[in-house]
Amino acid sequence: MSDWKPVLDRLDELIARLDRVLPPAHTGPDWKAATAFRWRKHSRGGYLEAVRHPHTIRFSDLKDIDEQKKRVRENTAQFVAGRPANNVLLTGSRGTGKSSLVKAALNEFAGKGLRLIEVDKRDLVDLPDIVDLVADRKERFIVFCDDLSFDEGEPGYKALKSILDGSVSQSSDNVLIYATSNRRHLLPEYMKENLTYQHTEDGEVHPGEVIEEKISLSERFGLWVSFYPFSQDEYLAIIAEWLRGFGVGAEAIAAARQESLVWALERGSRSGRVAYQFAKDYAGRHA
């Protein structure tokens, strides 16, 4: 046995060194620390990290998307109340309030037990682990994936598809998926795929297998919420609302009109995000 002592000592020393280098093992999140969490990865696996300062945006802050607000609020209220509710896909033009609407839903219903877990697209393969982690909790969880889209063959695509519908194990009743995307079907679409459509003798048109596969993921979201580019009047109204919120007076708001249009022209967009960015800049200069 004495012959093994040097070897065992070396092993103990090696283990001690590894413990100092490797990240600490996570026993579980502090559920009382926050209402929003992020899924993080390291060499020992994944864990939930509390978001100490989540965005405080409210439904009332979001203008000219009343129908979208209504649908997301109703679905989320059903979910929090324990009634049937759908996974949600929010699609459309960039900067029109898709992500902000999800954050507003969290702020609206956090007091009733709603929690949000943000998951990066590359970590969607861990969805089964995340669902298992929260399955026995009393809270209701939205797993949120922002700006979601896939390239061909990405592993997260199959993981998400299985969780939404089609897996042997059913998703937990206290978990829904909310995702935003600029792509309606979440995958790139090519002109050549139109050639796969089949035309029957009675004039019906049926998509080919490639198209069917691309549609199959987005179809697994029970609720689709679409967003559209803002008109000039809507863009100006959003800016005026933000400027009033920043304490800018009516005369200064009226004077901001031309400058705000140039701002949008330079960015090639009249989105809500561009309006908010202009309002911050203008309010900061005219405070």
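Scanning the stretch 262-287 for residues that are over 25 Å from residue 59 (Cα atoms) and either in a helix (DSSP H, G or I) or more than 27 Å from the chain's Cα centre (by Cα) (or both) yields a total of 8.
Looking only at the stretch 234-262, how many residues end up being surrounded by fewer than 20 Cβ atoms within 10 Å (Cβ to Cβ) and closer than 17 Å to residue 95 by Cβ? Of the residues in that region, 5 qualify. All of (1) in a loop (DSSP other than H, G, I, E, B); (2) closer than 26 Å to residue 126 by Cβ; (3) open to solvent by less than 20 Å² (accessible area, probe 1.4 Å) hold for residue 52 with one exception: (3). Within the stretch 96-128, the set of residues being of a type in the set (D, E, K, R), over 30 Å from residue 270 (Cβ atoms) and not in a helix (DSSP H, G or I) comprises just one member, 115.
Restricting 23, 29 to those that are touching a His at 6+ places or on another chain (Cβ under 6 Å) and either among the aliphatic types (A, V, I, L, M) or at pLDDT below 90 (or both) reduces the list to 23.
The values are calculated or read from the model by the stated rules, or taken from the named source; none is laboratory data. Since the structure is predicted, the reported quantities are computational estimates derived from the model, not experimental observations. Cβ sites come from the backbone with ideal geometry, for glycine too, and all protein chains shown count toward neighbours. In case anyone asks, the SASA skips ligands and DNA or RNA and just uses the protein heavy atoms, side chains included. Shrake-Rupley method; radii C 1.70, N 1.55, O 1.52, S 1.80 Å.
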